[in-house]
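Everything below concerns the one structure shown next.
Read-outs: derived from the displayed coordinates by stated rules, not from any lab. Note that this is a predicted model, so its numbers are computed, not measured. We place every Cβ from the backbone using ideal geometry, glycine too, and count neighbours over all the protein chains shown.
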Amino acid sequence: MAFAAFGSTAGPVEQAPRRRSWVALVLLLPGLAYLALFFLTPLVSLVLTSFQEPVEFGDVGQFQQAFKIENYATVIEAYWPHFLRAFGYAIVATIAALLIGYPLAYFIGVKCRSKPLLQAMLLTLVIAPFFISFLLRTLAWKQLMADDTPLVQALKSLSVLPADGHLTGTAFSVIFGLTYNFLPFMTLPIYTTLERLDTRYLEAGADLYASPATTFWKVTLPLSLPGIVSGTLLTFIPASGDYINASSSFLGSAQTQMVGNAIEANFLGLLNYPEAAALSVILMGLILVIVGIYVRRTGTEDLL
Amino acid sequence: MAAGAFAEAGADLELVGLHKRFPGFTAIEDLDLTIPAGSFFALLGPSGCGKTTTLRLVAGLEQPTSGRILIGGKDVTSVKSFKRPVNTVFQSYALFPHMTVLENVSFGLKRRGIADATGKAHEALRLVELDHLSARKPQQLSGGQQQRVALARAVVNRPALLLLDEPLGALDLKLRRQMQLELKAIQNEVGLTFLHVTHDQEEAMTMADTVAVMNKGQIEQMGAPEELYELPKTAFVANFLGQSNLFTGDVTNSKGDSIVVDIAGVKIEVPKDRAQRHTGEITIGVRPEKLMLHTEAPKKAPGVNILGPGRVTDVSFSGVSTQYQIAVPGIGLITVFAQNMVFGPVVNLGAEAWVSWTVDHGFGLLDEPEHTPKFSADTDTATIALQTRHELLAEIEEA
Amino acid sequence: MRFSLGKWLLPLYSALALIFLLTPIVYTFVFSFNDSVKSNIVWVGFTLDNWTNVCDAQGVCAAFGTSILVGVVATLIATVLGTLLAIALARYRFRGRSVISLLLFLPMATPEVVLGAGLAAQFLTAGVPKGLGTIIIAHALFCLSFVVVTVKARVASLDPALEEAGRDLYGSAFQVFTRITLPLLMPGIIAAALLSFALSFDDFIITRFNNGGVETFPVFVYTAAARGMPPEANVIASAVFILALVIVVVAQTTSAARRKRLARAQ
């Protein structure tokens, strides 16, 4: 299966032999050309666009190249709450997904090892959401959380929710949606590391006077760290750039808009390309900084 | 074990009526065993004989189906693994890959809150002469070094009982010898009780004070290595611990201190005190190196057994000795180990030969003959390979 | 069961997590049978009409067809390019190898909205009209990194001695590649292709920036979400789900059966 894509660098560090490098060049060239043309150049053009200024007396959406650095000041001033929400929601959703996904991955990867059929079945259930449209799943939650559903009624009767309160359109529902949508991305890489975890280390822990809880903290958790790091990255990065969950037609409202929504609205709605580009550049930069710090702090640079 | 304190000395280990059943098979059947404090005890047996299960039961990594385990007189049967005064040197070493050598060795001490864990860990590493590598990660060490770290990690806790699960299995022959000596030295130095599980008979015999040979979940025979070797009581022990020539026949009469057994018409004497049974059909045996090879019929003499004539069917030179196979009509193949006192073989392939041995070297087994293979040749490599394959297939089938 | 904190806590927790994961799927499936015309929000009644006349809803089948077309072409491009890159990275050592690895990691570390906006800005600057072609280019781009990671893991686990044996037995470099390397990599390549197709089929965020007027299935759902979702969308999603599930289960059982057969044949 394709789980390898979510795993950490598998197996021992391979020592690639030194061979005729022109063969390597032939193999590399098409892919690299594609990346240069459709990944690097767009990033450059995004940066260039972010400095553009409107054409004088031009139509909406007409811009010319300039060095209008004020675009950045403008978007930061206008959209700083969107950034805060994006990263705030993404962090909370990542933590929630970790808390849900880790025990699930542990159960499937370690506890179900003696029953391969059950293990395969449960794993299929974890990836099952991938097989059904992301948008429809999110809409399903919207409808399950709508004001007149039994769930909301029950919460109201228990006074968890005020009588005039809503579930949809709140920070809660957006974070809920983000957690839900990226949970498999959290669970799978953790599963891959835990599935390979040698239970003899746990026996060694028990042999050396460590209680099950201590063994978990001192042995299991550190050994599954690569999976946790990949999982949190695969959750945090898309969550912080997401604009579906926070959109008003899905689980969000005007009060829950994230940076993604601002980029989408500026680019596709207002045709304000420079500001959309500036927002994208800032978002990308912030994510790279956060990811860089995170990876360095957890000491897993060699994952990349 | 109380936090912050070491065991003063090794403790007795007592297994009482131990049973362990897994779904589909019984690993251990009614095992009673006492290992005195301070001894180096080896459990020897082929794979699947239940020796590793016994070790895991003692370590608390498995729960017995029934029976009791006592360490130093205290019942620990229901005590969780991490609370037992026992440490294990695992077969795979199981060194934590994310910790340095030093962190590995001090792990147990820290869990028990023992003062100066790092200092004591360094001390243990000095004992195995690896203190200079204490900052390395386990995967940066060689197999032998990892084994020594695993040993230090267990010994540093001064457990009342140290369990060794074939820890030398992965090492090459030379390193293994060196480790065996080192282990023995450490045992003498720290005076703990060692329980060593192995399938290597030579390892068991060189290292242990007492060896117990295990087969099919039960102990076949137990004793000092020399005793086990010189006087095996069952065909299994006779063939698992070294090689034996075994013959089956009826006891015809007794003659002084010996019984006389009729082996295909030849009268063979076995000392009464070296035979487990004195009547009926019994299996007797003699070690190949106790046999003398003759090219002419030897003169009959009191206190000497003679078989022959036969034909030499195989001669293989192995350095110190030469192994001969002699086919004796009506009896089968007899193996002889002869010291290489002269250059070249004493007899040549196809030659006529006789064998003789002193009556005192023979032994009589306990087994019912119909259950025992008649000749030692049954345990050749091909048979063992076949058996292993059957076991493996059964295992795969189960999984 | 020595390392469990309480025997039932973990299975129970896992069961709840799985229920959480599966609830919207069940909901979508159930509402594919809803006898509603336009907005599929309130349960009206049970009907099979949505399943029997899927294409009645305006545009849903066309959008589905577009998604399949985009998925197949983008997967083809990404799989070919990605496999070549993976082999080069795992089998050859050359200067700049780590830079290339980083370059391949970057698209995965870039939020989709940035990837989408970047490509759209690029097409805008270059004056390329957005449409089917731009969607395919965009999809192949984000699939590429996933293909490389998946296939690279497979190449790394491949014993180099097998290729050496091929050369030893008089195989030319090309023959060794087509007769040994490629067949051995096939499971990894197929897995990568399936993953890429799934990613492409479900992508909305990047598509939205580069689709022009072309409607893929997710675009259709997005637009319909605002004006009322036809139950036929649920039918298509459910059918795709069931098909994918069947493929996975069949793959798992046949591989399990093959392993068993191998064990018996020994």
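Each of C:SER238, C:ILE77, B:LEU44 was placed along the dipole of the protein assembly as shown (beta-carbon charges, centred on the mean Cα), and the one lying farthest toward the positive end is C:ILE77. Among C:118-126, C:209-217, sorting by the average number of other beta carbon atoms lying within 10 angstrom of each residue, highest first, gives C:118-126, C:209-217. Dipole of the protein assembly as shown computed with +1 at Lys/Arg Cβ and -1 at Asp/Glu Cβ about the Cα centre; of B:GLN325, C:ALA62, B:VAL58, farthest Cα towards the positive end is C:ALA62.
Compute the Cα gyration tensor for the range B:154-303, then decide on rounded, prolate or oblate, letting a ≥ b ≥ c be the square roots of its eigenvalues: rounded whenever a/c is under 1.5, prolate when a/b is larger than b/c in the other cases, and oblate in all that remain. Show your work: numbers first, answer last.
Numbers: a/c = 3.03, a/b = 2.29, b/c = 1.33.
Note, shape of the range B:154-303 comes out prolate.
Can you give the Kirkwood hydrodynamic radius of the range B:13-230 from its Cα pairs, in Å with one decimal? Don't jump to the answer; show the numbers that get you there.
On the way: mean 1/r = 0.0567 Å⁻¹.
Here the Kirkwood hydrodynamic radius works out to 17.6 Å.
For the range B:207-264, the Kirkwood radius over C-alpha pairs fed into Stokes-Einstein at 20 °C and 1.002 mPa s yields D = 163 µm² per second. Peptide packing: for C:161-173, C:93-105, the average count of neighbouring Cβ atoms within 10 Å per residue gives the ranking C:93-105, C:161-173, highest mean first. Along the axis of the charge dipole computed for the range A:78-303 (Cβ charges of +1 for Lys and Arg, -1 for Asp and Glu, origin at the Cα centre), the listed residues A:THR168, A:LEU268, A:ALA254 are led at the positive end by A:THR168. Contact order, relative form, for the range B:81-190: 40 percent (alpha carbon pairs under 8 Å, 6 or more residues apart, mean separation divided by residue count).
Work the Kirkwood hydrodynamic radius out for the range A:69-142: mean of 1/r over every pair of different alpha-carbon atoms, inverted, in Å.
Details: mean 1/r = 0.0634 Å⁻¹.
One over the average 1/r among Cα pairs gives 15.8 Å for the range A:69-142.
With the gyration tensor restricted to C-alpha atoms of the range C:1-140, the semi-axes of the equivalent ellipsoid amount to 38, 32, 15 Å, longest first.
Computed per residue of chain A from DSSP H runs no shorter than four, each worth -39500 (n - 2.57), the mean residue ellipticity at 222 nm is -19500 deg cm²/dmol. Peptides C:84-91, A:121-128, ordered by how many other C-beta atoms sit within 10 Å of their residues on average, highest first, read C:84-91, A:121-128.
Take the Cα radius of gyration of the range A:98-199 and divide it by 2.2 N^0.38 Å, with N its residue count; two decimals is plenty. Please report the intermediate quantities before stating the final value.
Values: Rg = 17.1 Å, N = 102, 2.2 N^0.38 = 12.8 Å.
Dividing the Cα Rg of the range A:98-199 by 2.2 N^0.38 Å gives 1.34.
For A:LYS156, the aspartates and glutamates whose Cα comes closer than 20 Å to its Cα, not counting residues fewer than 8 places off in the same chain, are A:ASP147, A:ASP148, A:ASP164.
Each listed q (0.10, 0.12, 0.16 Å⁻¹) maps to a log10 I(q)/I(0) for the range A:130-273 from the Debye sum over equal C-alpha point scatterers, namely -0.53, -0.69, -0.91. Computed across chain B, the Kirkwood radius stands at 23.5 Å (inverse of mean 1/r, all Cα pairs).
Largest first and in whole Å, the equivalent-ellipsoid semi-axes of chain A read 38, 31, 17, each the square root of five times a Cα gyration tensor eigenvalue.
Looking at the range B:39-140, the trypsin sites (Lys or Arg not before Pro) that sit in a DSSP loop and have at most 14 other Cβ atoms within 10 Å of their own Cβ are B:LYS80.
More than 22 Å apart: what percent of Cα pairs in the range A:207-290 qualify?
48 percent
Take each residue in A:269-279, count the other chain C-beta atoms within 10 Å of its C-beta, and the mean is 2.
Derived from the Cα gyration tensor, the three semi-axes of the equivalent ellipsoid of the range A:28-68 are 30, 10, 5 Å, largest first.
Can you flag which of B:LYS80/B:LYS216; A:LYS218/B:LYS120; B:LYS20/B:LYS80; B:LYS51/B:LYS290 are past 23 Å Cα-Cα? From B:LYS80/B:LYS216; A:LYS218/B:LYS120; B:LYS20/B:LYS80; B:LYS51/B:LYS290, over 23 Å: B:LYS80/B:LYS216; B:LYS51/B:LYS290. Of all DSSP bridge pairs formed entirely within the protein assembly as shown, close to 75 percent run antiparallel.
In a DSSP loop and with at most 10 other Cβ atoms within 10 Å, the chymotrypsin sites (Phe, Trp or Tyr not before Pro) in the range A:32-68 are A:PHE57, A:PHE67.
Dividing the alpha-carbon Rg of the protein assembly as shown by 2.2 N^0.38 Å yields what?
Details: Rg = 36.8 Å, N = 969, 2.2 N^0.38 = 30.0 Å.
After normalising by residue count via 2.2 N^0.38 Å, the value is 1.23.
For B:LYS267, a cut-off of 16 angstrom between C-alpha atoms picks up these lysines, skipping any fewer than 8 places away in its own chain: B:LYS255, B:LYS299, B:LYS300. Straight-line cross-link partners of B:LYS184 among the aspartates and glutamates, defined as a Cα under 12 Å from its Cα and at least 8 positions apart when in the same chain: B:GLU203, B:ASP209. Modelled this way, with points 7 Å down the Cα-to-C-beta line, the labels at C:PHE174 and A:ASP198 are 4.6 nm from one another. Over chain C, the alpha carbon radius of gyration divided by the compact-protein estimate 2.2 N^0.38 Å works out to 1.25.
For peptide C:216-228, compute the average count of partner chain beta-carbon atoms within 10 Å of each residue's beta-carbon.
On the way: counts 0, 3, 5, 1, 2, 6, 7, 1, 4, 9, 3, 1, 0.
Per residue, the average neighbour count from other chains is 3.
How many partner chain Cβ atoms sit within 10 Å of a residue's Cβ in peptide B:33-39, on average, as a whole number? Could the numbers behind the result be given before it?
On the way: counts 0, 0, 0, 0, 0, 0, 0.
Average per residue, whole number: 0.
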